[in-house]
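Notes follow once the structure below has been shown.
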Amino acid sequence: MTTRTLKRVIESVPTSDGAGVKLRRSLGGRPELRVDPFLMLDEFSSDDAADYIAGFPSHPHRGFETVTYMLDGHMLHQDHMGNRGELTAGSVQWMSAGRGVIHSEMPQQESGRMRGFQLWVNLPRREKMKPAKYRDIAAQEIPIVQLPDGAGQVKVIAGKVVVDGREVAGPIQGLTTDPTYLDIELAPGAAFRHTLASDYAAFVYAFEGTISIEADGRSQVLEAHKAGVASDGDKIVLRGGEDGGRALLIAGRPLREPVAQYGPFVMNNREEVDQAVRDYQNGTLTTAGIAATQ
């Protein structure tokens, strides 16, 4: 088996989105910083309500999926279909915008810590105009696998892990991009080994302590708030730093399709993006393409 190495580091940079929510963006800061099929990764973390209280008022999406993983805090999702979803500590929302969704994500707290991530996952051409759908996943639905000898733990949001010969699957399965989404917490010096399809894209985002990516006797350190893009290979080996570490391991099947993006619209060419803008302006974003997809 070929062990993956750290091929590239993407620094996260401070920015803001929505109505002024402060966050850090790694993937997606520029078009060349995408990792097919992953378009963007934002980390938000603050104890100051002024950094998040304005939230993300009503806004549109088309052509991709958003994955919101809450570590701390409470947000409320509402959309044009009448859905309401409570995002609380440890929970996940996996939303496929398809041909169109108009939604809001607003804080349900006026003080305290708000911390989590939002990942954008591209949809293949044939799925971009499907009806929107989403799934709220409560914290208790996400398996937590304890690693042997107190090495740490792994939360399995999407994909599967094998520990001590036991396979554990996360609640998200069966998507075209076949995503893996793991939250890995490692004790100082402890290792976690994971098998991946050799041609799948993969990256690690460290957010507490440090994480090393090990291969062929070499250890490459990834510091907190940085995304490390992995090379091709059949497996990846992560090790906790001197004070331990915590990171997301995200992987998936590349789509290898052209990407045309304008803000919240992600299509395959400029003409489709322009059509999405027109559909939003004339009020048909969420209904366009129904006949073609039925």
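Among the GluC sites (Glu not before Pro) in region 64-131, those placed in a DSSP loop whose Cβ has at most 14 other Cβ atoms within 10 Å are 110.
Per residue of the chain, the DSSP helices (runs of n ≥ 4 H) give a summed -39500 (n - 2.57) that works out to -1500 deg cm²/dmol at 222 nm. Over all Cα atoms in region 165-207, the spread is summed up by Rg and Dmax: 12.3, 36 Å. Thinking of region 161-239 as a set of Cα atoms, what percent of all their pairs are more than 18 Å apart? When every Cα pair of region 161-239 is considered, 44 percent fall beyond 18 Å. Seen from residue 191, the other residues with C-beta closer than 10 Å to its C-beta sum to a net charge of +1, counting Lys and Arg as +1 and Asp and Glu as -1. About its Cα centre, the dipole of the chain is roughly 780 debye, where the only charges are +1 on Lys and Arg Cβ and -1 on Asp and Glu Cβ. Normalised per residue, the accessible area of region 116-254 is 41 Å², obtained with a 1.4 Å probe and no contribution from ligands, DNA or RNA. What would the Debye equation give as log₁₀ I(q)/I(0) for the chain at q = 0.08, 0.10, 0.14 Å⁻¹, counting only Cα atoms as equal point scatterers? Taken in order of the listed q values, log10 I(q)/I(0) reads -0.33, -0.53, -1.05.
Rounded to the nearest percent, how much of the accessible area of region 146-254 (1.4 Å probe, protein heavy atoms only) is carbon and sulfur? Of the solvent-accessible surface of region 146-254, carbon and sulfur hold 41 percent. Taking square-rooted eigenvalues a ≥ b ≥ c of the alpha carbon gyration tensor, is region 1-151 rounded, prolate or oblate, where a/c under 1.5 means rounded and, failing that, a/b exceeding b/c means prolate? Rounded, because the longest to shortest axis ratio a/c is under 1.5.
Which whole-angstrom value gives the distance between the alpha carbon centres of region 197-247 and region 21-47? Centre-to-centre (Cα) distance: 18 Å.
For every other residue with a beta carbon closer than 10 angstrom to the beta carbon of residue 214, add +1 if it is Lys or Arg and -1 if Asp or Glu, then tell me the sum.
Surrounding charge for residue 214 is +3.
Our summary gives region 176-294 a relative contact order of 31 percent, counting only alpha carbon pairs under 8 angstrom and 6 or more residues apart. Treating cross-link reach as a plain straight distance, find the lysines whose alpha-carbon is under 16 Å from the alpha-carbon of residue 226, omitting any fewer than eight places away in the same chain. Correct list for residue 226: 7.
For residue 79, the shell of other residues with beta-carbons less than 11 Å away shows a net charge of +1, using +1 for Lys and Arg and -1 for Asp and Glu.
The values are calculated or read from the model by the stated rules, or taken from the named source; none is laboratory data. What you see is a predicted model, and the numbers here were worked out from it, not measured in a lab. Note that we place each Cβ from the backbone using ideal geometry, even for glycine, and neighbour counts take in every protein chain shown. SASA here: full protein model, heavy atoms, side chains in, ligands and nucleic acids out. Shrake-Rupley method; radii C 1.70, N 1.55, O 1.52, S 1.80 Å.
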